[in-house]
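First the structure, in the form of structure tokens, and then the observations on it.
No lab work stands behind these numbers, since they all come straight from the coordinates. Since the structure is predicted, the reported quantities are computational estimates derived from the model, not experimental observations. A quick note on method: Cβ atoms are made from the backbone with ideal geometry, for glycine too, and the neighbour counts reach across all protein chains shown.
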Amino acid sequence: MYEEAFDLLLPFALTGLYTVMATLFAGLGFLFEYKSYLFLSGGKLFIGLWAAVVGLIALNASLRVTKDRLTQRLGLAHS
């Protein structure tokens with residue numbers, strides 16, 4: 001009985017986990033991009049460029065989680 005409940009709830013838990021991960025990465029990406037804008041407008045070139053690169057990496061991670069994991073889980077993947 002517990003095994004059946006676990007097998008039934010596991011896909012929902014993974015979908016929720018991927019959704020939270022994608023949202024977290026996107027939020028961090030936008031935060032770092034905004035901070036890079038503030039750093040660059042304040043004259044801090046190196047830290048601004050570093051924050052921009054970190055923001056792009058986080059946004060790319062969000063895109064990859066959404067595209068590769070979440071769309072497959074929801075059945076929206078294209079062949």
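Structure values in brief
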{"quantity": "Close pairs (7 angstrom Cβ cut-off, 6 or more residues apart or separate chains): in contact (Cβ under 8 Å) with a residue 24 or more places away in the chain and on the phi < 0 side of the Ramachandran plot in region 48-76, surrounded by 15 or more Cβ atoms within 10 Å (Cβ to Cβ) and among the charged types (D, E, K, R) anywhere", "calculated": "Gly55/Glu33"}
{"quantity": "Boolean, Leu10 is part of a helix (DSSP H, G or I) and either of a type in the set (Phe, Trp, Tyr) or surrounded by 11 or more Cβ atoms within 10 Å (Cβ to Cβ) (or both)", "calculated": "no"}
{"quantity": "Hits in region 28-68 (condition: touching a helix residue (DSSP H, G or I) at 6+ places or on another chain (Cβ under 6 Å), among the aliphatic types (A, V, I, L, M) and closer than 23 Å to Thr15 by Cα)", "calculated": "Leu28, Ala58, Leu59, Ala61, Val65"}
{"quantity": "Residue among Val54, Val20, Val65 that is under 13 Å from the mean Cα position of the chain (by Cα) and loosely packed, with under 12 Cβ neighbours inside 10 Å", "calculated": "Val20"}
